[in-house]
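Here's the structure we're looking at; comments come further down.
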Amino acid sequence: MDQNRDGFIDKEDLKDTYASLGKTNIKDDELDAMLKEASGPINFTMFLNMFGAKLTGTDAEETILNAFKMLDPDGKGSINKDYIKRLLMSQADKMTAEEVDQIFQFTTIDAAGNLDYKALSYVLTHGEEKEE
């Protein structure tokens, strides 16, 4: 979404994102309303929190978990972070190494380099890490 890659999502980034989806007639006041939902500049952390807030109360966490489980045939609850990083940087909407590292800030990675995808799924759907 950060089309100009400045680390923040702004009105022009939203316009570009909508245009890439085929919607070119989005009004400025609609975009302004979207941007006002954030409590500050929309960086990746803010985006995750906003995304999580929008998904609260849905079954999206289960959907995300099921997607990760496809990459975890042994059912360990974790996946090697280097493997995930390679996938995210080489498939579909390719992410940069910096973007993947930002995601890693929101989950537990053990000493062996395995990412706890259950915790990450929770953060993505609830906007904050679960208190234990």
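The values are calculated or read from the model by the stated rules, or taken from the named source; none is laboratory data. Values in this document were obtained by computation on a predicted structure and should not be read as measured data. Note that we place each Cβ from the backbone using ideal geometry, even for glycine, and neighbour counts take in every protein chain shown.
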**Wholly within segment 48-132, helices (runs of 4 or more DSSP H) carrying at least 2 residues that are at pLDDT below 85** = 60-70, 117-126
**Message:** Being in contact with a strand residue (DSSP E or B) (Cβ under 7 Å, 6 or more places away or on another chain) and among the charged types (D, E, K, R) is the filter here; which residues of segment 1-42 pass it?
**Reply:** Asp2
**Asked** When the residues of segment 106-121 are filtered to those that are of a type in the set (Gly, Ala, Ser) and over 21 Å from Leu48 (Cα atoms), which remaining residue is nearest to the chain's Cα centre (by Cα)?
**Response** Gly113
